[in-house]
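Every number here is computed from the coordinates shown, using simple stated rules; none is lab data. Model, not experiment: these values are computed from the prediction. Please note: Cβ atoms are built from the backbone with ideal geometry, for glycine as well, and neighbour counts cover all protein chains shown.
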Amino acid sequence: MSEELEEKEEDSEINWILWGLTVLAFSATVYAIFVYVPTEKQEGLVQRIMYYHIPSAWLSFFAFFIVFLSSILYLWKREREWDIYAQSSAEIGVVFCSLVLITGPIWAKPIWGTWWVWDARLTSTLVLWLIYVAYIMLRLQSDAGSMRARYSAVIGIAGFLNIPIIHFSVLWWRTFHPKPKMITPEGFGAGMDDSMVMTLMISLGAFTLLYFLLMGQRVRIEKMKDEIDQIKKERFYSN
Amino acid sequence: MGQLGYLFAANAFVWAGILIYIVSLMKRNQALRRDLELLKETLEKDSDR
Amino acid sequence: MKAYLAQIGTIIWKDVLSELKTKELFASMFIFAVLSILIFIFSINLSIVNANDVGPGVLWVAFIFSGTLGLNRSFTLEKENGCLQGMMLSPVDRTAIYFGKMISNLLFLSIMEVLILPVFMIFFNVDIISVLFSLLLVIFLGSIGFCVLGTLLSSLASNLKTREIMLPILLYPLVTPVVIGSVNMTSRLLAGEKLADMTKWIGLISCFDIVFLAVSIMTIDHILEE
């Protein structure tokens, strides 16, 4: 019993540190975005959205990579732990992906005049979002157990392996249209000021810490659910 | 909407999105922890009898 | 090795035989493809849009929609008649089941596509005879990708209650590169370009086919478990 208590204490210590670091990192990020970094010449104020947009995209990609690894590990070892990681990371990945899809149009409207542009990044992100939303829907449609875990693992693997293929197909699909030569929702322009790179890195760090924070919470939820189910089963059968 | 308006909107969505998600996770966490405690208590009471 | 191929052959033969008897799958796929084309034509304002521009896209949408019908029916039939269980109980390698189903799906889809081409030619007034060989190659390449991934996912979806809606939801986002590439190549072929100029798309779709064939082979055991 005391082992459990010790584990829980360690757990919450790490949790507090993570919280503290994340809050710190985001404070630094907000400062960097709004005070430190200079306004971009061509796009103006709106360009600052990039510091949310790009890190969200990278983190969603990272989250789906974790889904990929966890899915493979689940199919290999068949341990529920890996299934939990896959599920949690997929959910968080969809959250970040949604942020990309929301900030994208908000950034694009003042710059290009339209809400949606079928450019490479936004379109790929949309397809990615649909793949992982389908993953989540698949999980919701199946009952808990090995079937749900196995099936979602297959989608987790297929989805991630498709990312480079989707990227290139969308890119080549859109190369007829001239790309605006500035820092756009699509990519980096030729010259990014050092302070901008720095701000981007700080934001990336903050978002990464956020990912781990969210993962910790989400994974704990699943583990507690499992524990409750386990206890209910034991109780039911022992009586 | 001026440039500032768009920047504000983006910020609002990002922060709101993150906070709503975190808070919902934390609430679920707390609820589950309560349920777990309750369950363990009733289990102990039963075994005591 | 021979036994393995024989297993695959048996499964394909079984599907072909049952289809020859009822012709239900095939007829519905064909009619559905024609109907899809029709609905699209009605939804386009032909005075503004050149029918030729949207032709390839409409063609592939018809292929995808009726292909989905075929995929769905293929595994649902198995489940309804208890065939799937029967197959899994017999000492057949799971990958043989996969290949068998995949090839029979591909067969039905391909036949339907070939029969739709004359319809396409008439409705959209395009000359496909001059590019027939390249066109068939492009269609076949894309159909392989669709069936490789589609068979895997339909074996998965067939075990869900909402199998008929989950298959498209899972399949379509994953199959977008094939659609983008195939439509691109089809329209360029019809515009007169040579197949040799489209090597990067051919490479992309082939890559897709190979990657997902490998994924299917490696994961089918985990799906078709007792």
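Tabulated results
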{"quantity": "Distance (nanometres) between label positions extended 7 Å along Cα→Cβ at C:A3 and B:S24", "calculated": "5.3 nm"}
{"quantity": "Residue exposure sequence - C:F32, C:F140, A:F64 - by fewest surrounding Cβ within 10 Å", "calculated": "C:F140, C:F32, A:F64"}
{"quantity": "Estimated 222 nm signal from helices in chain C, with DSSP H stretches of n ≥ 4 weighted -39500 (n - 2.57), rounded to 500", "calculated": "-29500 deg cm²/dmol"}
{"quantity": "Region A:5-123 shape via C-alpha gyration tensor axes, a/c threshold 1.5", "calculated": "oblate"}
{"quantity": "Net length gained if the chain between C:M218 and C:L38 were fully extended (0.36 nm per residue, minus Cα distance)", "calculated": "60.8 nm"}
{"quantity": "Sorted by Cβ density within 10 Å, fewest first, the residues A:D229, B:D35", "calculated": "A:D229, B:D35"}
{"quantity": "For chain A, built as a Gaussian network whose Cα springs stay under 10 Å, the top-fluctuating residue of A:I14, A:I136, A:I102", "calculated": "A:I14"}
{"quantity": "Residue order, fewest to most beta carbons within 10 Å, for A:S12, A:S70, C:S187", "calculated": "A:S12, C:S187, A:S70"}
{"quantity": "Calculated from backbone phi, Karplus (6.51, -1.76, 1.60) coupling profile of region C:150-157 in Hz, x at Gly/Pro", "calculated": "x, 5, 4, 6, 6, 5, 6, 5"}
{"quantity": "Number of Lys pairs (Cα under 23 Å; 8 or more positions apart or on different chains) in region C:2-223", "calculated": "12"}
{"quantity": "Spacing of the two label points (7 Å from each Cα toward its C-beta) at C:E24 and C:F140, in nm", "calculated": "3.1 nm"}
{"quantity": "FRET efficiency, 1/(1 + (r/R0)^6) with R0 51 Å, evaluated for C:T162 and C:T199 via beta carbons", "calculated": "0.80"}
{"quantity": "Dipole moment magnitude, nearest 20 debye, region A:2-238 about Cα centre, only Lys, Arg, Asp, Glu C-beta charged", "calculated": "1060 debye"}
{"quantity": "Two-site label geometry, C:E225 and A:V219: point separation in nm, points 7 Å out along Cα→Cβ", "calculated": "2.2 nm"}
{"quantity": "Per-residue [θ]222 nm for chain A (sum of -39500 (n - 2.57) over DSSP H runs n ≥ 4, rounded to 500)", "calculated": "-28000 deg cm²/dmol"}
{"quantity": "Dipole magnitude (debye, nearest 20) for the protein assembly as shown, charges at Cβ of Lys, Arg, Asp, Glu", "calculated": "1020 debye"}
{"quantity": "Loop chymotrypsin sites (Phe, Trp or Tyr not before Pro), region A:88-159, which have at most 14 other Cβ atoms in a 10 Å radius of their Cβ (DSSP)", "calculated": "A:W115, A:W116, A:W118"}
{"quantity": "At R0 = 41 Å, FRET efficiency that the Cβ-Cβ distance of C:E80 and A:E227 yields, to 0.05", "calculated": "0.55"}
{"quantity": "Under 17 Å from the Cα of B:K27 - lysines, other chains or at least 8 residues apart", "calculated": "A:K223, A:K225"}
{"quantity": "Region C:67-74 - phi-based ³J(HN,Hα) in whole Hz, Karplus 6.51/-1.76/1.60, Gly and Pro as x", "calculated": "x, 4, 4, x, 4, 4, 4, 4"}
{"quantity": "Cα-based Rg / Dmax (Å) for the protein assembly as shown", "calculated": "26.3, 88"}
{"quantity": "For region C:177-217 and region C:62-88, distance of Cα centres in Å", "calculated": "26 Å"}
{"quantity": "Estimated FRET transfer efficiency when R0 is 60 angstrom, pair A:K77-C:S47 (beta carbons, to 0.05)", "calculated": "0.45"}
{"quantity": "Extension gain (nm, one decimal) between C:S90 and C:I31, 0.36 nm per residue minus Cα-Cα", "calculated": "17.7 nm"}
